[in-house]
Every structure is written in C-alpha cells, then in structure tokens.
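Derivation of every value follows stated rules applied to the coordinates shown; laboratory data play no part. None of these values were measured; they are calculated from a predicted model. For neighbour counting, all protein chains shown are included, and Cβ atoms are generated from backbone atoms with ideal geometry for every residue, glycine included.
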Amino acid sequence: MARPAGAGEHTKKRIALRAKSLFEQKGYSATTMDEIVATAGTSKGSIYYHFKRKDELFLYILELTMQEWTDKWARLSAPLQTATEKLYALAELFATDFQNPLMKAAEEFSGSETADPDIHARLVEMTRMHYPILQELLEEGITRGEFEPFDTRELMYVVLGLLGGLGVAYYDLGTEQIVPLYRKSIDMLLRGIQKK
C-alpha cells in the first residue's frame, strides 16, 4: 500500500524537530545518531532513509530554522511603515536570535564541518538568505528618501557585518543588555546613512 502524498516530508520534519531539541541541549558533537533514533521514536532505517549522515540532518534543521526566521521577519515587518522602523526591528530580531539555543550548536557545527566543500557551500548559501531581505529594506529606504543613495549591496554588507559582529557581545553582556546595544548600533548607523 502506497504512503499518502507528503507523508515522507512529514516524517522528515518530525525527525528533524525532535533531533533539534537534542542538538540544542547537547550540542552538535555530543549528540549521537542513537540518541536521535530514541528521541525521534522511529527506526534507524527511517532516519537513514531521510538523512544519510548526522551532518545532513543538522543542515536540514538549520534550513528549517532559517525558513522560520524568514517567516518571522515577514510577520514582524508587515505592519511597519518605514524602512527605519524595519531596520530597528531587524536589529532586534538579530539580537534575540543570538539567544536561540541552536546557535551554539550551529557555531560548533560550522567550525567542525567547513572542511567539506559541499557543507561549506550550503552554510554559505544559508547565510545569504538574509541578503534579499536587507537589500530590499535598504532600497525601500533610499526610494522613500529616508536614506542617502548608497550602493545597496555595499551597504547590505556593512549592516550585516554590524548586526552579525555584535553577536560577540553575548560573551560579555547579559541578554537584557543586548537588544538596547543593537538598537544603539542602528542609531549610530542611521547617523551616517539618513538623508539630511
């Protein structure tokens, strides 16, 4: 008897969501496939049918997480009226995203798996998912006269560098200090790009 359409994808997502909690708790390296089998409540064969190796499963989880992030951004930005408001909201989303427990496992994973060119390419591609969001936001700000007419691609890299680079503050500051720091960084950035 044939499985219903979409059942395989449903099983794949269910495995990934259960494995995600293990990665969040234990990290990438400390999580074993046997633990994933036990947590997922499925057979080893079923897991290996969908994911040939642990790194493939983790990459799939990261891709799902990036899609969730993109969907969250769409919901957060929809009611905002100006590109400036959106820039502050994006900074806050970046700030709170560093609190995501999967981030530590992702850092560990990216540090250990970048020697594999295929994995490295997929990680880079996931990083680039932010590009169109930010570039669109900056183009909107320029078109509406909120921002000076800078090259949006160059400005995108500057803003991403700022937002991503501030992540190092998590090692020194409490989480309650992070969001105000990100907002302050946008204040400083706007002094340089706002139309006068």
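Some notes on this structure:
- Fully extending the segment from ASP116 to ASP71 would add 13.3 nm, taking 0.36 nm per residue of separation and subtracting the current Cα-Cα distance.
- Rounded FRET efficiency, nearest 0.05, which uses the C-beta distance separating TYR171 from ASP151 and R0 of 35 Å: 0.60
- Lys/Arg +1, Asp/Glu -1 at C-beta; the stretch 1-160 dipole; positive extreme among ALA38, TRP73, PHE150: ALA38
- Cα centroid of the stretch 147-183 to Cα centroid of the stretch 97-128, whole Å: 19
- Residue pairs, from the table LYS20/LYS86; LYS20/LYS54; LYS26/LYS72; LYS72/LYS195; LYS52/LYS72; LYS12/LYS44, whose Cα atoms sit over 22 Å apart: LYS20/LYS86; LYS26/LYS72; LYS72/LYS195; LYS52/LYS72
- Exposure proxy shown here: for TYR60, TYR48, the number of other Cβ atoms within 10 Å sets the order, fewest to most, as TYR48, TYR60.
- Residues TYR171, TYR49 arranged by fewest to most Cβ contacts within 10 Å: TYR171, TYR49
- Couplings 3J(HN,Hα) for the stretch 31-44, derived from phi with the Karplus relation 6.51 cos²θ - 1.76 cosθ + 1.60 (θ = phi - 60°), are 8, 9, 5, 5, 5, 5, 4, 5, 5, 6, x, 9, 7, 4 Hz, where x marks Gly and Pro.
- Of PRO117, PRO132, PRO180, the one that fluctuates the most in a GNM where the chain has Cα springs shorter than 10 Å: PRO117
- At an R0 of 35 angstrom, the distance between the Cβ atoms of LYS104 and THR82 translates into a FRET efficiency of 0.55.
- Rg and Dmax of the stretch 82-196, Cα atoms only, in Å: 15.4, 48
- Per-residue Cβ neighbour rank within 10 angstrom, fewest leading, GLU68, GLU35: GLU68, GLU35
- Computed from Cα atoms, the angle from the helix 83-97 axis to the main principal axis of the chain rounds to 40 degrees.
- Nearest-ten-degree value, helix 175-193 long axis tilted from longest Cα axis of the chain: 40
- For the chain, the longest principal axis of the alpha carbon atoms and the long axis of helix 102-113 meet at an angle near 70°.
- Quotient of the Cα radius of gyration of the chain and 2.2 N^0.38 Å, N being its number of residues: 1.19.
- In terms of its C-alpha gyration tensor, the stretch 42-85 has a prolate overall shape, because the principal axis ratio a/c (a ≥ b ≥ c, square roots of the eigenvalues) is not below 1.5 and a/b outweighs b/c.
- Overall dimensions of the stretch 121-164, expressed as equivalent-ellipsoid semi-axes from the Cα gyration tensor (√(5λ), whole Å, largest first), are 22, 10, 7.
- Charging the Cβ of each Asp and Glu at -1 and of each Lys and Arg at +1, and nothing else, the dipole of the chain about its Cα centre rounds to 540 debye.
- Database remark: amide H of GLN194 closer than 5 angstrom to the amide H of GLU148 (H placed geometrically; neighbours at sequence offset of 5 or more, or on other chains; Pro and chain starts carry no H).
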